[in-house]
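The structure under discussion appears below in the form of structure tokens.
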Amino acid sequence: MHLDVDRDQLAAEIEELARISDAEAPAVTRIVFTPKDLEARAWFIARCKEAGLRVRQDPIGNIFARWTGSDPMAPAVATGSHIDAIPNAGKFDGVVGVLGGLEAIRSLQRSGFRPKHPIELLVFTSEEPTRFGIGCLGSRLLSGTMSPDAASKLIDRDGASLEEARGKAGLKGELHQVKLPEGYHKAFIEMHIEQGPFLEQQKISLGIVTKIAAPASLRISIEGTGGHAGAVLMPERRDALCAAAELILAIEGAARTSGATDTVATVGICEVFPGAINSIPSRVHLSVDVRDTNLERRDAVMRSIETARQTIATKRQVSIEQHLLNADPPADCDPAIIEALSQSCMTHKQPFIPMVSRAYHDSLFMSRIAPVGMLFIPCRSGYSHRPDEYASPEDIQRGVTILAQALATLAS
Ligand SMILES: [Zn+2]
């Protein structure tokens, strides 16, 4: 099959979509269900219709653009990603998988290929957590990972509920209709920029993902006793920040000694009250993110944190409460999809490297209901979520070719 990926048209479309933004170029800001997000969706749907795809949106706004196969009842082979963008982001995160997926379909159409299985292009709603505080909203609901009830209770910073916001966006139907039936997809492949520097360092343009790491996050509150920094003597102290310091080092230690380099733990937020130079810290809030590709290992770190919490609370006579925000299990990519992507690279004489996705993506949630795979392309210096995020047209073209070939294999 001769695949002729139109690099220039794809680059022009990425530029065009980037201009639908609440931030000035080159930055992109596109938050779910804002007028710019709705404009971007309408623009994208028009491009899909031009390509002859049948388009529908579900009640949360996930977009499905379908190329009917010769066996229309067969489970679909899907690709896609997201087009929402955090404030002051770049133009490639998510977009490469969406517009690249569209170009993969168009290049297959031009080649004369006709799929047996339908090929479906997906755009997931609110991959970024910016507005409702939870990422991958669309794919969580599609996969049944989040209940419609929990989703309907979500409220944004301005007090608007998800229900109101999606109503204003013109989305009809009930959230319980979003979950896809078992077996709906035969395969799902997400192409994405790496968002890290590994491929660039290895000087290899394609990464085939074998595992997707998943985070567990905790919010920890430590209550000690405040007081005057001069008047309260050391034996009397129950300093919340000193307890937090011990706990932070224990969290770091638990990840460092897990026995695998895939284990990472980060305390990204430390809020100290009252926050005065001459006042003993009475209260500290910590936010903790623990990730691994292996669930047992990650949960072992979580248990170590729990043990440290109890030991430090007793030793320092402070109260330490912890609240589990989320704990999504990691995912393995499907061997048949990894094989289809690898074969595709070999057919097109493109070197590739197996790798782990250390950020999480909609694919993590899709893996609950479908076999998934991911294809990474490099981004300059590993930069992402910033205006100077960049992927070259050549790398994108290469990725689209490999994606198209793999979709054809799986849909035949
Ligand atoms: Zn993304």
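The values are calculated or read from the model by the stated rules, or taken from the named source; none is laboratory data. Please read these numbers as outputs of a predicted model, since none were measured by experiment. Quick reminder, even Gly has a Cβ in these numbers, built from the backbone with ideal geometry, and neighbours come from all protein chains shown. These area figures cover heavy atoms from the full protein model, side chains too; ligands, DNA and RNA do not enter into them. Shrake-Rupley method; radii C 1.70, N 1.55, O 1.52, S 1.80 Å.
Return one number: the angle in degrees, 0 to 90 and rounded to the nearest 10, between the long axis of the Cα atoms of helix 35-50 and the longest principal axis of the Cα atoms of the chain.
Tilt relative to the chain: about 30 degrees.
Counting other Cβ atoms within 10 Å of each Cβ, which trypsin sites (Lys or Arg not before Pro) in the range 129-234 have at most 13 and sit in a DSSP loop? List each step's numbers first, then the result.
Details: sites: 131, 140, 153, 157, 166, 168, 172, 179, 186, 203, 211, 219; in loops: 131, 153, 157, 172, 179, 203.
Filter output for the range 129-234: 153, 157, 172, 203.
For the range 123-141 and the range 205-283, what is the centre-to-centre distance using only Cα atoms, to the nearest Å?
Here the answer is 27 Å between Cα centres.
Rolling a 1.4 Å sphere over the protein heavy atoms, what is the accessible area per residue of the range 180-251, to the nearest Å²? Write down the numbers at each step before the final one.
Working: 3080 Å² over 72 residues.
Per residue, the range 180-251 has an accessible area of 43 Å².
Which value, to two decimals, describes the C-alpha radius of gyration of the range 136-197 once divided by 2.2 N^0.38 Å? Walk me through the intermediate numbers first.
Details: Rg = 14.6 Å, N = 62, 2.2 N^0.38 = 10.6 Å.
Against the empirical 2.2 N^0.38 Å value, I get 1.38 for the range 136-197.
Mind checking the log10 I(q)/I(0) for the range 247-360 at q = 0.14 Å⁻¹? Debye, one equal scatterer per Cα, no solvent, two decimals.
So the normalised log intensities are -0.72.
Roughly how many debye, to the nearest 20, is the charge dipole of the range 230-305 about its Cα centre, given +1 on each Lys and Arg Cβ, -1 on each Asp and Glu Cβ, and no other charges? The partial results should precede the final answer.
On the way: 8 positive and 10 negative charges, 20 e Å.
For the range 230-305, the charge dipole is close to 100 debye.
Specify whether the C-alpha gyration tensor of the range 322-365 places it in the rounded, prolate or oblate class, a ≥ b ≥ c being the square roots of the eigenvalues: rounded for a/c under 1.5, otherwise prolate if a/b is larger than b/c and oblate if not. Walk me through the numbers on the way to the answer.
Working: a/c = 4.39, a/b = 2.97, b/c = 1.48.
Prolate is the answer for the range 322-365, as a/c is 1.5 or above and a/b outweighs b/c.
Going highest first, how would you order 315-323, 229-237 by mean Cβ packing within 10 Å? Intermediate results must be reported in sequence, preceding the final value.
Details: 315-323: 15.0, 229-237: 9.8.
My ranking of the peptides, most packed first, is 315-323, 229-237.
Need the C-alpha centroid separation for the range 1-49 versus the range 364-384, integer Å.
The range 1-49 and the range 364-384 have Cα centres spaced 19 Å from each other.
Indicate, rounded to the nearest 5 percent, the antiparallel portion of the DSSP beta bridges found entirely in the chain.
Values: 47 of 67 bridges.
Looking only at bridges with both residues in the chain, the antiparallel portion is about 70 percent.
Can you list the trypsin sites (Lys or Arg not before Pro) in the range 332-412 that are in a DSSP coil and have 14 or fewer other beta carbons within 10 angstrom?
Numbers: sites: 349, 358, 368, 380, 398; in loops: 349, 358, 368.
Counting only loop positions with at most 14 other Cβ atoms within 10 Å, the trypsin sites (Lys or Arg not before Pro) in the range 332-412 are 349.
Figure the gain on full extension for residue 172 and residue 24 (residue separation times 0.36 nm, minus the Cα-Cα span) and round it to one decimal in nm. Present the calculation step by step, with values, prior to reporting the outcome.
On the way: separation 148, 0.36 × 148 = 53.28 nm, distance 3.20 nm.
Difference between extended and current length: 50.1 nm.
Please label the shape of the range 204-300 as rounded, prolate or oblate, based on the square roots a ≥ b ≥ c of the eigenvalues of the alpha-carbon gyration tensor (a/c under 1.5 means rounded; beyond that, a/b larger than b/c means prolate, else oblate). Intermediate values should be presented prior to the final figure.
Working: a/c = 3.63, a/b = 2.86, b/c = 1.27.
Verdict is prolate for the range 204-300.
Provide, as a two-decimal number, the C-alpha radius of gyration of the range 1-131 over 2.2 N^0.38 Å, N being how many residues it has.
Numbers: Rg = 14.8 Å, N = 131, 2.2 N^0.38 = 14.0 Å.
Scaled against compact globular proteins, the figure is 1.06.
What's the percent breakdown of Cα-Cα distances in the range 272-330 across 5 Å bins, shortest bin first?
Going out from 0 Å in 5 Å bins, the range 272-330 shows 4, 15, 21, 20, 16, 11, 8, 4, 2 percent.
Give, as a single signed number, the net charge of other residues whose beta carbon lies under 12 Å from the beta carbon of residue 53, with Lys and Arg counted +1 and Asp and Glu -1. Can you show the working numbers first?
Details: positive: 47, 49, 54, 56, 66, 106; negative: 50, 120.
For residues surrounding residue 53, the net value is +4.
What distance in nm separates the simple spin-label points at residue 73 and residue 42, each placed 7 Å from Cα in the Cβ direction?
Taking the two extended label points, one gets 3.9 nm.
Looking at the calculated P(r) for the range 353-405, what percent of the C-alpha pair distances fall above 19 Å?
The proportion of pairs with Cα distances above 19 Å equals 41 percent.
Separation of the range 302-317 and the range 149-204 by C-alpha centroid, Å?
36
Could you work out how far apart the two model spin labels at residue 204 and residue 279 are, taking each label as a point 7 Å from the Cα in the direction of the beta carbon, and quote it in nm?
Distance between label points: 5.4 nm.
Express the carbon and sulfur contribution to the solvent-accessible surface of the chain as a percent, rounded to the nearest whole number, probe 1.4 angstrom.
On the way: 9290 of 17530 Å².
It is 53 percent, rounded to a whole number.
Which whole number of Å³ per residue matches the convex hull of the alpha-carbon atoms in the chain?
Working: hull volume 61.2 nm³, N = 412.
Hull volume over Cα atoms, normalised by residue count, gives 148 Å³.
Among the trypsin sites (Lys or Arg not before Pro) within the range 1-31, which fall in a DSSP loop and have no more than 13 other Cβ atoms within 10 Å of their own Cβ? Present the calculation step by step, with values, prior to reporting the outcome.
Numbers: sites: 7, 19, 30; in loops: 19.
For trypsin sites (Lys or Arg not before Pro) across the range 1-31 that sit outside H, G, I, E and B with at most 13 neighbouring Cβ atoms in 10 Å, the list reads 19.
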